[in-house]
Amino acid sequence: MKNNFIYFFNGSIGDILMSILLFDNVHKNNQKIKIYAVIPKNKKLFLDLKGERSHINILEVNIKNPLSLFGLVRFLFSKNNVLTSPTPGIFPMRTKIIAKLLSFRGKLVGFDDKYMSLYDEIIDFNHKILYYELLLKSLNNFGFKIFFDKPFLDSDKKEEKNRVIIEPFGSSMGRSFVGEELNWLFREVKNKFNGEILLVGGLENNSCGLNGLFDLSMKDLKDLINSSKYYIGVDTGPTHLACVLEKKCLIFGKNGTPNWLPFYNKNATILYSVNECKHNIYKGREHLNKCRGDKLRCLGDIPKHIIIKELDEFFK
């Protein structure tokens, strides 16, 4: 009987990079286990990010294409250890049911979403644990050891140009720099950095006259970041890519989700503002864990004088 490890999750850049860390650990534990990522979209994106990792197989399955469900039928008679992803909300019941059927001869592990659990083992969704650390914690439920404790990608070393990449666009307006706020950020960077400044991202907001590249392929984005000396961005997919590549980064956790901040990159300075905190401390994981309370989303806007101060340090 075949042994499979199957992970159901969403297909965004950050999720994919964290899943690669998970799969690398499973493969290191037992190279005979077949590993499958089940995602609803972005298969091409995943292929580009995983690169030469042949141990990761990808299945794109979603309700809009019912025929794609037949791709899972072949697993019904195998021994499958199945994991569903951490989520602050409710994990879709239809996916839980499919995952339960596939785990009939194995084990189903999931994170507690307080709603109709079908799991054999439940992991507490502790938002004070960073997302990738929470994902790694699930390895213990399957009897696996942790060999790699932070995400990484194989990449060709490129000569670094005196260039800073700016990615100011998050998943919402509140997490982004747009309009006059983006103009202000660009002016501050330009005043402190004598080199090429390049804007990347998914929103074509170029009011500050900054050279921009939008809708890059993942390979081109990876190469661009890898060949740049600096990266400045909000907490979003390309920022995680820059951090996995261990670039020198200045990151704004602006109205963001604390457990997604990329503290795994030792070359990153991560700024945040904890709501209702009076300590005037705007960076450091220890302070974040101590002062952000029990709310999942409790970060606000970062004061401009803090950003200016850190930009001075960043370009030294």
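Just so it is clear, none of the values below were taken in a lab; they were calculated from the coordinates. Computed from a prediction, not measured in an experiment: that's the story for all the values here. As a convention, Cβ positions derive from the backbone with ideal geometry for all residues, glycine included, and neighbour counts pool all protein chains shown.
For the reader, a short list of remarks on this structure follows.
- With a simple spin-label model that places each label point 7 Å from the Cα along the Cα-to-Cβ direction, the separation between D312 and K219 comes to 4.4 nm.
- Listed by chain and number, the aspartates and glutamates placed with their C-alpha closer than 15 angstrom to that of K96 are D112, D113, D120, E121; residues fewer than eight positions away on the same chain are left out.
- Checking every one of the chymotrypsin sites (Phe, Trp or Tyr not before Pro) in the range 62-107 against DSSP loop status and a limit of 15 other Cβ atoms within 10 Å picks out F77, F104.
- Computed extension length for N57-K266: 72.2 nm, one decimal, from 0.36 nm per residue of separation with the Cα-Cα distance subtracted.
- Diffusion constant of the chain at 4 °C, which comes from Stokes-Einstein with the Kirkwood Cα-pair radius and 1.567 mPa s, µm²/s: 62 µm²/s
- Helical runs assigned H by DSSP (4 residues or longer) give the chain a calculated mean residue ellipticity at 222 nm of -8500 deg cm²/dmol, each run adding -39500 (n - 2.57) before division by the residue total.
- Longest DSSP-loop-exposure-free segment, GluC sites (Glu not before Pro), the chain, at most 12 other Cβ within 10 Å: 53-158
- In this structure, D124 and F152 have a Cβ-Cβ separation that, at R0 = 22 Å, corresponds to a calculated FRET efficiency of about 0.25.
- Counting only DSSP beta bridges with both residues in the range 3-142, the antiparallel share comes to about 5 percent.
- For the options G233, G174, G14, a Gaussian network treatment of the chain with springs between C-alpha atoms closer than 10 Å singles out G174 as fluctuating the most.
- Between helix 304-314 and the chain: long-axis angle, C-alpha atoms, 0 to 90°, nearest 10: 80 degrees
- Note, ³J(HN,Hα) from phi for the range 17-28, Karplus 6.51, -1.76, 1.60, rounded to Hz, x at Gly and Pro: 4, 6, 5, 4, 4, 4, 5, 4, 5, 4, 5, 5
- Out-of-range pairs (alpha-carbon distance over 26 Å; input K219/K304; K43/K254; K161/K316; K100/K219): K219/K304; K43/K254; K100/K219
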